[in-house]
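Structure first, then comments.
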Amino acid sequence: MLKRLPTLEQVAEAAAFLASDRANAMTATVVDLTCGVRVPR
């Protein structure tokens, strides 16, 4: 657990990967980009 917010670059890299052909076998997957931070509701 990193206990910090992800950088914009990390979020952009994840989005680019998910939009790419390399992620074509991924289905019904949750990508957690919180770096371990828990935000109260």
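Given the options Leu8, Val39, Leu18, identify the residue whose Cα lies farthest towards the positive end of the charge dipole of the chain (+1 on Cβ of Lys, Arg; -1 on Cβ of Asp, Glu). Positive-end residue among those listed: Val39.
The spread of Cα positions in the chain, taken along each principal axis and listed from longest to shortest, comes to 33, 22, 18 Å. Put simply, the amide H of Thr34, placed in the peptide plane, has no neighbours under 5 Å, leaving out anything fewer than 5 places away on its chain. So how tilted is helix 8-19 from the main axis of the chain? Cα-based, degrees 0 to 90, rounded to 10. Taking Cα atoms only, the helix is inclined about 30 degrees. Ranked by the mean number of other Cβ atoms within 10 Å of their residues, highest first, the peptides 11-17, 24-30 fall in the order 11-17, 24-30. Using Cβ point charges alone (K and R +1, D and E -1), the dipole size of the chain about the Cα centre works out to roughly 300 debye. Based on C-alpha pairs under 8 angstrom that are at least 6 apart in sequence, the chain has a relative contact order of 74 percent.
Only the coordinates and a few stated rules stand behind these numbers; no lab work does. All figures in this text were calculated on a predicted structure; none of them were measured in a lab. Methodologically, a virtual Cβ is constructed for each residue, glycine included, from the backbone with ideal geometry; neighbour enumeration extends over all protein chains shown.
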